[in-house]
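The values are calculated or read from the model by the stated rules, or taken from the named source; none is laboratory data. Predicted, not measured: the structure shown is a model, and the values here were computed from it. We place every Cβ from the backbone using ideal geometry, glycine too, and count neighbours over all the protein chains shown.
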Amino acid sequence: MPDSPSPRSDPAADRARLVARLGELLGPRGLLTEPADTAPYGEDWRRLYCGRPLAVARPADTAQVAAVVRACMAAGAGVVPQGGNTSMVGGAVPAADGSEVVLSLARLNRVRAVDAIDMTLTVEAGVTLKAAQQAAAEADCLLPLSVASEGTAQIGGILATNAGGNNTVRYGNARDLVLGLEVVLPDGAVWNGLRRLHKDNTGYCLRQLFVGAEGTLGVITAAVLKLAPRPRAVELAFCALPSCAAALALFRRLQARDPAALQAFEYMSGAGVELVLRHIPGAALPLAVPSGHYALVELATPRPGAALRAALENVLEGALADGLVTDAVIAGSVAQHAALWRLREAQAEAQKRAGANVKNDVSVPVSKVPELIARASAACAALLPGIRIVPFGHLGDGNIHFNLVQPEAMDPADFLARGDAIMDTVGAVVRALDGSFSAEHGVGRLKPHLMPAWRGGAELATMRRIKAALDPLGLMNPGKVLP
Ligand code: 2HG
Ligand code: ZN
């Protein structure tokens, strides 16, 4: 059957023809059509959306991805690229009307090359971030990107959303690690830009157009990522602090001491840590007395013989003496290192178990983080008494997850009905502090309506022109990013 437009008069017949065509292209292993099989691809991690895929295409290679995109375009069907489906903003869910094809990249899961001289890793989109980290480690290198969902999140989605995570303070976001990309464009053409060059000024930087576009301009199928030297020493401290301002002061001291060694600086509210202790089996507070504020500090260096431990102890002793830190523990074993990180990484899961959540993935200049937390906390408490205010996140790069959990006794649906009012309340503080309403999770399906107010005028108009030029039919991840 040719890839030609079919008559539009009977959508059901068009869809059936498309599904049959996809079956021919992909074979039985490559296409899911039974509702029981496709349902998990329709729902997001937060369970905010319940989409219904027309079918789930599971191509095995880039040529098959291109064929799927061509077939969908010819049939006028939307294509929703999906990796590990860990989006916090519904960025990979299809529409509820059964008209869109989910394009799973899970079977493109090969590590194509690791080069310890060029310090590059070439991986396909469906490789999980954790597997990519392991491939780098086997070559004695570091893939310096780490996010809480790294066991499930896949490289394609990580790049499509320009994920940030815990190491942005030192290595930047996903886009800072991309040297090359392979992309299937909306017309089905394959752009092979898998170059490994650090200098390559040859016109517009196309790869950066696709990073962060959330699958609305094309499908990332493979990437060349920049590696870093593997750290020889790592030290981790979990600190109790009297305030968020004290956390910022501690951050500045660590930066002043050795900025090249600071690999992560994460903030947690006392209320957020309490939720982890209550809802995550095995979690335990490593300090004698609970606090209202905590910081997790990781130092790492590839330099042999660097006295990291002594440097960390020295900074912490000074901070204790000056009242910036009230207590602290330094991980003494691999197991304790993992347990301390778990208190931070399990924040999202614990909040989910505690009830309905409203998330605000926001960023402000680093210096404004304490003001953000103080002002947004006061505003939310005034808006809804009993609301549980559980901010945490990447203080070192200014990205705070200003999350709210429903009051204990409230009906979850009633709380979620207040979601827009809560987001507007936090948003007003973020705007006053020159921040962004979307730091690292992206815009997805949750936030396009906010784009005109935050990115209107020439910025949004230019984005629309780019979208129209690359995807004139508007079928690449419909309903995401652009209002
Ligand atoms: C994290 O930093 C993730 O753990 C999830 O970005 C944040 O749950 C969230 O809002
Ligand atoms: Zn985060």
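Within segment 291-340, restricting attention to residues that are of a type in the set (D, E, K, R) and under 13 Å from residue 235 (Cα atoms), the residue that is surrounded by the most Cβ atoms within 10 Å (Cβ to Cβ) is 298.
The set of residues in segment 147-158 being farther than 22 Å from residue 395 by Cα, within 16 Å of ligand 1 (Cβ to nearest atom) and part of a helix (DSSP H, G or I) consists of 157 alone. When each of 169, 178 is tested for being in contact with a Leu (Cβ under 9 Å, 6 or more places away or on another chain) and more than 23 Å from residue 112 (Cβ to Cβ), the lone residue that passes is 169. Total residues in segment 184-219 satisfying the condition of being hydrophobic (A, V, I, L, M, F, W, C), under 25 Å from residue 64 (Cα atoms) and assigned to a loop (DSSP other than H, G, I, E, B): the figure is 6.
Residues of segment 87-135 that are under 13 Å from residue 478 (Cα atoms), of a type in the set (Asp, Glu) and crowded, with 22+ Cβ neighbours inside 10 Å: 100 alone. Say whether the condition of being touching a residue at least 24 places away in the same chain (Cβ under 8 Å), within 18 Å of residue 44 (Cβ to Cβ) and within 16 Å of ligand 2 (Cβ to nearest atom) is met by at least one residue in segment 166-189. Looking for residues that are touching a residue at least 24 places away in the same chain (Cβ under 8 Å), within 18 Å of residue 44 (Cβ to Cβ) and within 16 Å of ligand 2 (Cβ to nearest atom), one finds none in segment 166-189, hence no. If only residues of segment 387-399 that are assigned to a loop (DSSP other than H, G, I, E, B) and among the aliphatic types (A, V, I, L, M) are counted, the one that is nearest to ligand 2 (Cβ to nearest atom) is 390.
Of the helices (runs of 4 or more DSSP H) contained entirely in segment 415-483, those carrying at least 1 residues that are within 16 Å of ligand 2 (Cβ to nearest atom) fall at 419-432.
Taken together, the criteria exclude residue 137 from residues that are within 16 Å of ligand 1 (Cβ to nearest atom), of a type in the set (A, V, I, L, M) and at pLDDT 95 or above.
Taking each residue of segment 384-412 that is among the acidic types (Asp, Glu) and looking for partners that are crowded, with 24+ Cβ neighbours inside 10 Å and at pLDDT below 95 with beta-carbon atoms closer than 9 Å, six or more apart or interchain, yields nothing. Can you find, within segment 119-146, the residue that is farthest from residue 222 (Cα to Cα) among those that are without any contact (Cβ under 8 Å) to a residue 40 or more places away in the chain and part of a helix (DSSP H, G or I)? Across segment 119-146, the extreme among qualifying residues is 138. For segment 341-371, filtered to residues that are part of a helix (DSSP H, G or I) and more than 15 Å from ligand 1 (Cβ to nearest atom), the residue that is surrounded by the fewest Cβ atoms within 10 Å (Cβ to Cβ) is 367. Taking the conditions (1) crowded, with 22+ Cβ neighbours inside 10 Å; (2) more than 16 Å from ligand 2 (Cβ to nearest atom); (3) not β-branched (Val, Ile, Thr) in turn, residue 384 satisfies each one other than (1).
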